[in-house]
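Asker: So that we are looking at the same thing, I have put the structure below in structure tokens.
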Amino acid sequence: MAEISAKLVKELRDKTGAGMMDCKKALKENEGDIAKSTEWLRQKGITSAEKKSGRVAAEGIIASYIHTGGRVGVLVEVNCETDFVARREEFQTLARNIAMQVAACPNVEYVKVEDIPSEISQKEKDIEMGRDDLGGKPENIKEKIVQGRIEKRLKELSLMDQPYIRDQSISVEELVKQSVSQLGENIQVRRFSRFVLGEGIEKEESNFAEEVAAQMGGGK
């Protein structure tokens, strides 16, 4: 179909309050039909979520998840606007599911890409620029390839960009937006901590063969 016009994107954005990129994607998925695009955004939980994202979210809960066997534990702070919503079962279920998501994603270190320090991004760029497979490519092509790889790597570190473990068709960010639409308040994942049993402890490695040899030598 023809390229979606900026005017059509603005019309859908004004109607739904969704972000520009979400509106453009909705219109492409629905061949420029405003009504169908609005319904598509509503099903994804995106409608009006953007309008609420700027409101102060200072209430909420700290949820926890302990994996079976007690070897991995997660604490996560999820914020909303009012104590009333914080007490609702839907909000608390969301927070627990996010805690479970963190436990299932050991490589995730930040809530969103914007939280990743610039030195981490620069380090990733330095690594990618030195890859052998980029040798001989023009500088502008090399930059584009490296930028794409960096963006992919940073998203791997971001919780909000992960596919939701209970529904791989949506991201954690889309899950939160669905809850925003359902509960009518700004909802933010503020921070999380993951605890892995024994992490950081240097364990003594015993060499069974050496122990046996020592015992046999001592018996002579």
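Any read-out appearing in this document is the output of simple, stated calculations on the displayed coordinates, not a laboratory observation. Everything numeric here is computed off the predicted structure, so don't read it as measured data. Because the Cβ atoms are built from the backbone with ideal geometry, glycine has one as well, and the counts that use them run over all protein chains shown.
Asker: Please compute the modelled spin-label separation between residue 107 and residue 35, points set 7 Å along Cα→Cβ, answer in nm with one decimal.
Answerer: It works out to 4.4 nm between the two label points.
Asker: Give me the one-decimal nm value for the distance between modelled label points at residue 114 and residue 82, 7 Å along each residue's Cα-to-Cβ direction.
Answerer: Output for this residue pair reads 2.5 nm.
Asker: Additional query: Please report the spacing between the Cα centers of region 57-87 and region 143-173 in Å, no decimals.
Answerer: 23 Å
Asker: Right, next: Please list, in order along region 59-74, the HN-Hα scalar couplings obtained from phi with the Karplus expression 6.51 cos²θ - 1.76 cosθ + 1.60 (θ = phi - 60°), rounded to whole Hz, x for Gly and Pro.
Answerer: 9, x, 9, 9, 9, 10, 8, 10, 6, 3, x, x, 9, 9, x, 9
Asker: With a point put 7 Å past each Cα toward its Cβ, work out how far residue 64 is from residue 169 in nm, to one decimal.
Answerer: Between residue 64 and residue 169, the label points sit 3.6 nm apart.
Asker: Related question: If the only charges are +1 at each Lys and Arg Cβ and -1 at each Asp and Glu Cβ, what is the size of the charge dipole of region 56-96 around the Cα centre, to the nearest 20 debye?
Answerer: Using Cβ point charges on Lys, Arg, Asp and Glu, region 56-96 gives about 280 debye.
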